[in-house]
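Here the structure comes first, spelled out in structure tokens, and everything after it is commentary.
The values are calculated or read from the model by the stated rules, or taken from the named source; none is laboratory data. If you're wondering where the values come from, they're calculated on a predicted model, not measured in any experiment. Counting neighbours? That spans all protein chains shown, and the Cβs are built from the backbone with ideal geometry, glycine included. Ligands, DNA and RNA are excluded from the accessible area calculation, which covers all protein heavy atoms including side chains. Shrake-Rupley method; radii C 1.70, N 1.55, O 1.52, S 1.80 Å.
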Amino acid sequence: MSTFTKTPGWLDWYAGPSKPRFQVPPGSVDAHCHVFGPGAEFPYAPERKYTPCDASKHELYALRDHLGFARNVVVQATCHGADNRAMVDACLSSGGKARGVATVKRSVTDEELQALHAAGVRGVRFNFVKRLVDFTPKDELLEIAGRIAKLGWHVVIYFEAVDLPELWDFFTALPTTVVVDHMGRPDVTKPIDGPEFELFLKFMRQHPNVWSKVSCPERLSVTGPKALNGEQAAYQDVVPFARKVVEEFPDRVLWGTDWPHPNLKDHMPDDGLLVDFIPHIAPTAELQKKLLVDNPMRLYWPEEAK
Ligand SMILES: O=C(O)c1cc(C(=O)O)oc(=O)c1
């Protein structure tokens, strides 16, 4: 029993996902997923904006095997604040098959950073989505970025598309590889060649250190159809946006399930059908291998990457 009460209306992850029809290439990495607690073992942070259902490393790794993936990148979820214990525990229990992205404060010590590195952490996440986190001053984030750069880590950024103009100078000053979560959350009801998405493409074109996760169609889609009930053509409105990023920047894209899909309000996707979404955005075997194997390996397991 969790000691926490879930946020009202919380949708739990989908139990019993289907077996994907799309077979991912050998060695594929789910490069964006989370663990939640379990709260009784790894309490949720006092400053959190939501209280999720528990979603343990055991359940995450069972899903990995079911979907045919070989590895995971476990991204610190905001409900755990800067307490990285659940994410670190997941990495340490993975037999080297998981790496992590942490959230740290300016007060983090060099010894703590070293311990995170030893556990498999290779990046920090800076979050600018106001419904998820309180504001952190940019000078504090820049100081953290400078320190983690020395460890060879990168910075993961999460923001809303409308905020990119204001955040541009900060993002382009970061001294590391920069990985954008969920394509910078484009409004897919706007034209793909309109100013908002063009600005995101310009961000990637002008800055070769910027990568993007082409994840979360279930969050971005307005029209659906939902990845449920065997649907093989889900989230059609997101496809052109994600496919554009994959085709223009094939060596700087990552894909992840986003399991256990925090804060979805409308529906919880069948993760097997989310995997079947991949060939719609990465239509060739070469693009699929870059997206699912070569790119995440280069970023998270460089010592093994070919
Ligand atoms: O859009 C979200 O609600 C969301 C939240 C979190 C988190 O709470 O860490 O992570 C994500 O990747 C997406």
Next on the checklist: Please report the projected area of the chain's Cα convex hull averaged over all directions, in nm².
Outcome noted: 14.5
Item to check | Solvent-accessible heavy-atom area per residue, rounded to whole Å², over region 93-160 at 1.4 Å | outcome: 45
Item to check | For region 213-306: accessible area per residue (Å², 1.4 Å) | outcome: 36
Item to check | Carbon plus sulfur fraction of accessible area for the chain, probe 1.4 Å, in percent | outcome: 54
Checklist entry - How much length, in nm to one decimal, is gained on full extension between GLN232 and ASP12, taken as 0.36 nm per residue of separation minus their Cα-Cα distance? => result 77.0 nm
Checklist outcome for this item: The alpha-carbon center of region 1-73 and that of region 175-236 are separated, in whole Å, by 22
Next on the checklist: Student exercise: in region 111-258, how many lysine pairs 8 or more apart or on different chains have Cα atoms under 15 Å apart?
Outcome noted: 4
Item to check | ASP271, ASP169, ASP163, ranked by accessible area, largest first (probe 1.4 Å) | outcome: ASP169, ASP163, ASP271
Next on the checklist: Using the Cα centre of the chain as origin and beta-carbon charges of +1 (Lys, Arg) and -1 (Asp, Glu), tell me which of CYS79, LEU132, LEU60 is placed farthest towards the positive end of the dipole.
Outcome noted: LEU60
Next on the checklist: Multiplying the sequence separation of ASP65 and THR3 by 0.36 nm and subtracting their Cα-Cα distance, what value in nm do you get?
Outcome noted: 19.4 nm
Checklist entry - Rounded to the nearest 500 deg cm²/dmol, what is the calculated helix-only ellipticity per residue at 222 nm for the chain, with -39500 (n - 2.57) per DSSP H run of length n ≥ 4? => result -8500 deg cm²/dmol
Checklist entry - Hey, can you rank 237-244, 84-91, 225-232, 27-34 by average C-beta count inside 10 Å, highest first? => result 27-34, 84-91, 237-244, 225-232
